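K.L.:
Sending over a structure as structure tokens; questions will come in a sec.
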Amino acid sequence: MKRIQMKKPKILALALAAFALVLALGGCEEKQDEESGVPKTVRIAYLPLTHALALLAAKELAEQGKIEKRVNIELVKFGSWPELTDALNAGRVDGASILIELALKSKERGIELKAVSLGHHDGNVVVARPEIGRAEDFRGKSFAIPHRLSSHNILLQRMLGNAGMNLADVKLLEMSPPEMPSALAQGRIDGYCAAEPFGAKALTLGVGKMLFGPDDLWKDSFCCGLVLNDSFIAAHPGTATELAAQYEQAGEFLAADPEAAFRVAAKYLRVDHDTLKLSLDWISFGDLKISRKTYDTLVERMQEAGLTRNPPSYEDFVAKLSSEP
């Protein structure tokens, strides 16, 4: 019997055609997976803060059937911003609830991520020892913030600027927020500004007072936001869109139902009833989309505080998901 020999070019053409078919089938499988209605699992990093409540609620309320479950959210808890940032930048998680200024600076430095939504509105207060009566009294005193790249740094600088002072007039410390109330009580610091519930904690413990309220220095401020890795958005655009929708729906639910907000927060945050209630009185979760105006305000505030020199454009930083107008 004659053996039929196939020329190499024909073999190569068939191999390439087969490879293209595999890729096409893989693409179809990915599309079907995105559109199948079966929720995907998304790993999101967070710190246990009131400002991460929209993320916590996006998981909890969906599991309770109170909002539509579009994706499965796997929460990955961290104890500090550096640990969380390392995990996000290394791709060990798909996204994070993170300080929005830290995220923007990471983008400026070349980290491939995009902001999806805000975490909240307001909810940042300046806490001081009882004998501090005005901003000028912080001259030469110690003041703590959780991270240099934060709204808390911006609020501190706005407070000092209003009093004709600047950062050189205080002893600035970076400190983990859970340490701040006890540090204030022990006299190791004279004031601080941090994410909730740690401002409220000083008041309910009776070791400090609120010197400036949540909208005294920056009306409608925010400090945290939901971000996703660019690689995740590129690989799973449908899932990213569904996550954003579930997250923002959770925020609207929290804004409309304070009791539900309290229940979700009480489950995830180890804090007493009075502290949690006071903390939630200072914060809002409605309308978490990042508009161009919101972004421009963020950049302006960061530039005023010397936190960014070459910020990314709105289009480069804020995710444009298909469900958005």
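K.L.:
First check a/c for the stretch 57-124, with a ≥ b ≥ c the square roots of the eigenvalues of its C-alpha gyration tensor; if it is under 1.5, answer rounded, and if not, answer prolate when a/b is larger than b/c or oblate otherwise.
P.N.:
Numbers: a/c = 2.01, a/b = 1.63, b/c = 1.23.
Prolate is the answer for the stretch 57-124, as a/c is 1.5 or above and a/b outweighs b/c.
K.L.:
Let me ask something additional. For the chain, find the longest principal axis of its Cα atoms and tell me its angle to the long axis of helix 258-268, 0 to 90°, nearest 10.
P.N.:
80 degrees
K.L.:
Specify the residue with the greatest mean-square fluctuation among Gly306, Gly95, Gly199, computed from a Gaussian network of the chain linking alpha-carbon atoms under 10 Å apart.
P.N.:
Greatest mean-square fluctuation among the candidates belongs to Gly306.
K.L.:
Might you tell me the accessible area per residue for the chain, computed with a 1.4 Å probe and given in Å²?
P.N.:
48 Å²
K.L.:
Please list, in order along the stretch 180-185, the HN-Hα scalar couplings obtained from phi with the Karplus expression 6.51 cos²θ - 1.76 cosθ + 1.60 (θ = phi - 60°), rounded to whole Hz, x for Gly and Pro.
P.N.:
3J(HN,Hα) across the stretch 180-185, in whole Hz: 5, x, 5, 5, 5, 4.
K.L.:
Relative to the longest principal axis of the C-alpha atoms of the chain, give the angle of the C-alpha long axis of helix 292-304, reported between 0 and 90° and rounded to the nearest 10°.
P.N.:
Long axis of 292-304 versus the principal axis of the chain: about 50 degrees.
K.L.:
May I ask for the net charge around Asp287, where only other residues with Cβ less than 11 Å from the Cβ of Asp287 are counted and Lys, Arg are +1 while Asp, Glu are -1?
P.N.:
Local net charge: -2.
K.L.:
Using Cα springs under 10 Å in a Gaussian network model of the chain, which residue among Ala240, Ala183, Ala163 shows the largest mean-square fluctuation?
P.N.:
Fluctuation is largest for Ala163.
K.L.:
Could you work out how far apart the two model spin labels at Arg148 and Asn89 are, taking each label as a point 7 Å from the Cα in the direction of the beta carbon, and quote it in nm?
P.N.:
1.3 nm
K.L.:
Please report, in cubic angstrom per residue, the volume enclosed by the convex hull of the alpha-carbon atoms of the stretch 192-309.
P.N.:
Cα convex hull per residue, to the nearest whole number: 141 Å³.
K.L.:
For a quick check, take a GNM of the chain with Cα springs below 10 Å and name the residue from Ala256, Ala234, Ala305 with the largest mean-square fluctuation.
P.N.:
Fluctuation is largest for Ala234.
K.L.:
Same structure, new question: Can you tell me the Rg and Dmax of the chain, counting just the alpha carbons, in angstroms?
P.N.:
23.6, 104
K.L.:
Keeping the other protein chains in place, figure out the carbon and sulfur percent of the accessible area of the chain, with a 1.4 Å probe.
P.N.:
C and S fraction of accessible area: 52 percent.
K.L.:
Hey, what did the chain get for relative contact order, percent, Cα under 8 Å, at least 6 apart?
P.N.:
Values: 545 pairs, mean separation 84.4, N = 325.
Dividing the mean separation by the residue count of the chain yields 26 percent.
K.L.:
Report, in deg cm²/dmol and to the nearest 500, the calculated mean residue ellipticity at 222 nm for the chain, where each DSSP H run with n ≥ 4 adds -39500 (n - 2.57) and the sum is divided by the residue count.
P.N.:
Mean residue ellipticity, 222 nm, calculated: -13500 deg cm²/dmol.
K.L.:
Return, for the Cα atoms of the stretch 85-189, the radius of gyration and Dmax in Å, separated by a comma.
P.N.:
Here Rg and the maximum Cα pair distance are 16.0, 46 Å.
K.L.:
Quick one: of Lys201/Lys277; Lys77/Lys201; Lys105/Lys171, which pairs are farther than 18 Å apart, Cα to Cα?
P.N.:
Lys77/Lys201; Lys105/Lys171
K.L.:
Same structure again: Restricting things to alpha carbons, find the Rg to Rh ratio for the stretch 211-262 using the Kirkwood radius for Rh.
P.N.:
On the way: Rg = 15.4 Å, Rh = 13.6 Å.
The Rg/Rh ratio comes out at 1.13.
K.L.:
Another question about this same structure. Round to the nearest 10 and give me the degree value, 0 to 90, for the angle of helix 53-63's Cα axis relative to the longest principal axis of the chain.
P.N.:
50 degrees
K.L.:
What does the C-alpha gyration tensor say about the overall shape of the stretch 99-142? Classify as rounded when a/c is under 1.5, otherwise prolate if a/b is larger than b/c, or oblate.
P.N.:
The shape class here is oblate.
The values are calculated or read from the model by the stated rules, or taken from the named source; none is laboratory data. The structure displayed is predicted, hence computed values, not measured ones. As a convention, Cβ positions derive from the backbone with ideal geometry for all residues, glycine included, and neighbour counts pool all protein chains shown. Please note that ligands, DNA and RNA were not included when accessible areas were found on the heavy atoms of the full protein model with its side chains. Shrake-Rupley method; radii C 1.70, N 1.55, O 1.52, S 1.80 Å.
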